[in-house]
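The values are calculated or read from the model by the stated rules, or taken from the named source; none is laboratory data. Bear in mind the structure is a predicted one, so any value in this text is a computation, not a measurement. Cβ placement follows ideal geometry from the backbone for every residue including glycine, while neighbour counts extend to all protein chains displayed. To get the accessible areas, we keep the full protein, side chains included, count just its heavy atoms, and leave off ligands, DNA and RNA. Shrake-Rupley method; radii C 1.70, N 1.55, O 1.52, S 1.80 Å.
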Protein chains: 2
Amino acid sequence: MTTYDDVQRAAIQIAPLAFRTPVLTSDRIDDLVGARIVFKCENFQRVGAFKFRGAYNALSRFSDEQRRAGVVGYSSGNHAQALALAARMLDIPATIVMPKDAASSKVTATQEYGGNVVWYDRYTEDREAIAAALAAQHGLTMIPPFDHPDVLAGQGTAAKELFEDAGDLDALFVPLGGGGLLAGTALAASVLAPQCRLFGVEPQAGDDGVRSMREGRIVTIDQPTTIADGAATRHLGHLTFEIIRRFVENVVTVTDDQLIEAMRLHAGLMKLVVEPTGALGLAGVRAHVKSLELRGARIGVIISGGNVDLDRFAEMIK
Amino acid sequence: MTTYDDVQRAAIQIAPLAFRTPVLTSDRIDDLVGARIVFKCENFQRVGAFKFRGAYNALSRFSDEQRRAGVVGYSSGNHAQALALAARMLDIPATIVMPKDAASSKVTATQEYGGNVVWYDRYTEDREAIAAALAAQHGLTMIPPFDHPDVLAGQGTAAKELFEDAGDLDALFVPLGGGGLLAGTALAASVLAPQCRLFGVEPQAGDDGVRSMREGRIVTIDQPTTIADGAATRHLGHLTFEIIRRFVENVVTVTDDQLIEAMRLHAGLMKLVVEPTGALGLAGVRAHVKSLELRGARIGVIISGGNVDLDRFAEMIK
């Protein structure tokens, strides 16, 4: 099993190239929510999302042969950009399978970073099968978006930095899609903050995480429809779920309307552009601070990313 | 004359309460502009703008008698919020003369911080006279938005932090309204970075700074109409102009369209909500990097604030 040692090794591996993102606070949000929140701003990470951490960590461990052949991945957007940029930095050819309806800013950035984009339809096609076929055909190494030891260990470095910079936290809220960020966070917390209560936050329309925690097994749901494109996953990963079930207290959900309200607070009171998935943490704290008996507590929130098309963002916050 | 010693004293005075704001970079903006830019993010300062620095520095030096009587100021918005919050922290009553068409987010925040708002019409009334009358009538101390030694020394602490955190810079671009931020910056640069070329950036519609530099005297213009409400001043201050003419290489202008384009870059590529005035620096670099022979240079930009009504912001970036 992946452990905190792997997160520590990832931190050293990515240190020269990943940003140590700032931790911000807002008195006006604290007053509104009734808790003291510290925000880890991964929207300022390279490629605009935490995904750079895991992708760079994974690719930097490739053998010479793997580097020459190249990498293939699949992603709704942020892992795509992350793979493309990390691959360019390491001079590795990158092929990315992306949904036809991905945010155009994410597609543009992936292509600008030199990624070769292959399209699929997220409602009718199986992206993992497409990527696996490309890998077999061309001898590429597949780096999935979350269920990979090097990827999730890399994602854990964000929480490691947050614990180092912010000190003691009573609870930590983390956006939950396939579970890479939450599992990595859990590994960091297991050693650095074992008393900190951990919560995953997912969109209500895609509540596979809630159900998986309740049933003690990975529950697969139909493709959810939500503005939180980065968390519109159908199921957790095997590696991520094993870690999450062990260290995470629970998974909570929020509606798309609550996400939009959180995006408005991030923009209006914190001056941050946050994508819908990135606002899961604040939305989760607002919706559940009372029922989880966290009023007055010191709470960490990971803002996972800020990649949203400006016209859609404008439509949401106006 | 105010000197760097005053900036140093201000830094100590405000350290317990002002944020040391982060310095951010963006490879994609660097590629686009053709220079390496470091951004000092004062949109993350308390009240969402650098103005907290000067206001708190000034109010914290009040005598007991001044504190009891209270403070009066005038401002289109950010100095208003800054005075109101600093006064609340120091338990000083605050009255603020604000234009009727001020950004409603700025008015709301000023009132939430406990400021007593008095309205005026920016096209027909003289705000300084209104404030002076209130000061005389009620024994209040007037703290103007820029032409005051403690205010401009406080504003200089932002550049002091930037020089400390970012190292050597070939040039620094600073939004210019009444000149408080630019004069304070010049004092910081005069000791910490005497080789750094300094530029003020103002809206084309309100080019009193350009004209004042050219004519070697304070030129007063008609009330300008520009989206950069924080820089819609009619003239520089006496104290600020003396410092600016001595240390600043020149003042450049940008159009409102260039400001909107810079706001879009801040939002899309840096995930930052920046108000029109706050985007003067990046817009100024983009427009003048070539003519000032700064291609490839290492350039600092102060993002002065992020206080813009969300509906107007949405309209501008969509």
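The table below lists the values:
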read-out	value
Peptide B:268-277, shielding by other chains (average Cβ, 10 Å cutoff)	6
Cα centroid separation, region A:84-126 to region B:131-154 (Å)	56
Whole-Hz couplings from phi, Karplus 6.51/-1.76/1.60, listed for region A:222-230; x for Gly and Pro	5, 3, x, 10, 7, 6, 7, 4, x
Area accessible to solvent at A:S304, 1.4 Å probe radius, in Å²	10
Region B:135-275: proportion of alpha-carbon pairs further apart than 28 angstrom, %	20
Dimensions (Å) - region A:1-73, Cα atoms, principal axes, largest first	55, 26, 22
Most fluctuating residue given options A:G180, A:G305, A:G139, as computed from a GNM of chain A linking Cα atoms under 10 Å	A:G139
B:K290, A:K106, reordered so the largest accessible area comes first (probe 1.4 Å)	B:K290, A:K106
Cα-based shape type of region A:29-188, given that a ≥ b ≥ c are square roots of the gyration tensor eigenvalues and the cut on a/c is 1.5	prolate
Positive-end extreme of charge dipole, the protein assembly as shown - chosen from A:G139, A:P149, B:V7 (charges on Cβ)	B:V7
Accessible surface of A:R312 - all protein chains present, 1.4 Å probe, nearest 10 Å²	100
Cα pair distances in region A:207-318, grouped into 5 Å bins until the bin that holds the longest one, percent each	2, 11, 19, 21, 20, 14, 8, 3, 0
Rounded to 5, the percent of DSSP beta bridges in the protein assembly as shown classed as antiparallel	10
Size of region B:242-292 as Cα extents on the principal axes (Å, biggest first)	37, 22, 18
Shielding score for B:14-27, defined as the mean number of other chain Cβ atoms within 10 Å	2
Spatial separation of Cα centroids for region B:1-26 and region A:173-199, in angstrom	36
Scaled radius of gyration (Cα, divided by 2.2 N^0.38 Å) that the protein assembly as shown gives	0.99
7 Å along Cα→Cβ, label-point gaps from B:D91 to other copies, nm, shortest first	6.7
Computed over chain A: relative contact order in percent, which uses C-alpha pairs under 8 Å that are six or more apart	22
Residues of region A:271-288 with amide N under 19 Å of the 7 Å Cα→Cβ point at A:E249	A:280-288
Relative intensity, log₁₀ I(q)/I(0), of chain B from a Debye sum that treats every alpha carbon as a point, q = 0.06, 0.08, 0.09, 0.15 Å⁻¹	-0.17, -0.31, -0.39, -1.17
With DNA, RNA and ligands ignored, accessible area of B:R122 (1.4 Å probe; Å², nearest 10)	40
